[in-house]
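Throughout, read-outs are computed from the coordinates displayed, never taken from laboratory work. None of the values given here were measured: they were computed from a predicted structure. Glycine gets a Cβ as well: all are built from the backbone with ideal geometry, and neighbour counts include every protein chain shown.
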Amino acid sequence: MSFLGLGRPQPTSAEKIAAVENELKVVAEMHSRMIKVCTVKCIDRTYREGELSKGESVCLDRCSAKFFEAHQTISEQLQREGAARG
């Protein structure tokens, strides 16, 4: 039902839950991709030490920051394109 009969109808509880579940799925998939990409890029496959080296830690930090920044930029562009299409 819309507010004062104006605008578009408010989403139902089921629609809100579905939207949240979809958002969680997107975030989980993004996290999984980031882990795969950054692990391959930053972690030495010989696993010489039990702990991350300083270089590996810095690499993972930068890789994840760039991954999230790229995701944000792409999301904003897609939203602009979607809004432009109507």
> Quick check: anything in region 18-32 in contact with a helix residue (DSSP H, G or I) (Cβ under 7 Å, 6 or more places away or on another chain) and either surrounded by 10 or more Cβ atoms within 10 Å (Cβ to Cβ) or in a helix (DSSP H, G or I) (or both)?
Replying inline: yes
>> Pairs please, first residue from region 60-78 and under 16 Å from residue 23 (Cβ atoms), second anywhere and hydrophobic (A, V, I, L, M, F, W, C), Cβ atoms under 8 Å, 6+ apart in sequence or on different chains.
In response: 68/34; 71/30
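Would a scan of region 57-65 turn up a residue that is of a type in the set (Val, Ile, Thr), touching a helix residue (DSSP H, G or I) at 6+ places or on another chain (Cβ under 9 Å), surrounded by 11 or more Cβ atoms within 10 Å (Cβ to Cβ) and part of a helix (DSSP H, G or I)? Even if it seems obvious, please write down each step before you answer.
Start the filter on region 57-65 by keeping residues that are of a type in the set (Val, Ile, Thr), which leaves 58.
When the remaining residues are screened for being touching a helix residue (DSSP H, G or I) at 6+ places or on another chain (Cβ under 9 Å), the result is 58.
Filter once more, keeping what is surrounded by 11 or more Cβ atoms within 10 Å (Cβ to Cβ): 58.
Okay, now just the ones that are also part of a helix (DSSP H, G or I), so 58.
For region 57-65, residues of a type in the set (Val, Ile, Thr), touching a helix residue (DSSP H, G or I) at 6+ places or on another chain (Cβ under 9 Å), surrounded by 11 or more Cβ atoms within 10 Å (Cβ to Cβ) and part of a helix (DSSP H, G or I): present.
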